[in-house]
Amino acid sequence: MPHEAASDLDERMLLHDVADRLNSIADQLPLPDQIRADPVLSDLLDDEVRHLARLLGYLVGQHAARHRAADRYPSQVTAAQRRLAGGLARAAEPAGAALASLGAAVHLLGTLADLSHQAPSPGRARAMTTGHRHLANRIAQTRTHLADAAKHLRTAADTRPPAPAAPPAPAASAVPTRTH
């Protein structure tokens, strides 16, 4: 197997791994009635933000290197590499939105944690209720962004060349006829 084909396969597998990770994070997010200003949830989200940022950074770096190589050696770029690069480019925005949404959820958890250390007051209670509602909405949005990013990454990984067209059927006049 040529080196480039193995590299394409590795990148497609990595895209599927990242998509699986996004789905796993979405599955771990609490449901709206389970959301608490919990340091464990904050740690989980923070760890996932860092891990996904590293994985996506690696993918971006790989494709940037390939882009530079394609500029220098255009005849060595395969159609599969172009399709994979295009798919990753289309997946970049949804993946970025998922990371941003995770980061915003971590920020909201931090705000709620800070509020929980303040002296009880009506203003604090309102702020906690509002913060909790915003966090529940953000986690729901995060779930949606994660699913969308996973879908785009899988699409990028599974991009296949168009199927070759079937040969045209011979015209009726081109078919020899037999007479008895």
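Between Asp43 and Lys151, the distance separating the two model label sites (each 7 Å from Cα on the Cα→Cβ line) works out to 3.4 nm. Computed from backbone phi, the HN-Hα couplings of the range 144-150 come to 5, 5, 5, 5, 5, 5, 4 Hz, rounded to whole numbers (Karplus: 6.51 cos²θ - 1.76 cosθ + 1.60, θ = phi - 60°; Gly and Pro given as x). Treating r as the C-beta distance of Arg124 and Thr144 and R0 as 22 Å, the FRET efficiency rounds to 0.15.
Packing order of peptides 115-128, 23-36, 43-56, highest average first: 43-56, 23-36, 115-128 (average count of other Cβ atoms within 10 Å over each peptide's residues). Shown is the FRET efficiency for Arg133 and Ala64, computed with R0 = 25 Å from the Cβ-Cβ distance and rounded to the nearest 0.05: 0.05. Once the 1.4 Å probe is applied to the protein heavy atoms, the range 1-119 comes out at 58 Å² accessible per residue.
The values are calculated or read from the model by the stated rules, or taken from the named source; none is laboratory data. Quick caveat: nothing in here was measured; it's all calculated off a predicted structure. Note that each Cβ is placed from the backbone with ideal geometry, even for glycine, and that neighbours are counted across all protein chains shown. These area figures cover heavy atoms from the full protein model, side chains too; ligands, DNA and RNA do not enter into them. Shrake-Rupley method; radii C 1.70, N 1.55, O 1.52, S 1.80 Å.
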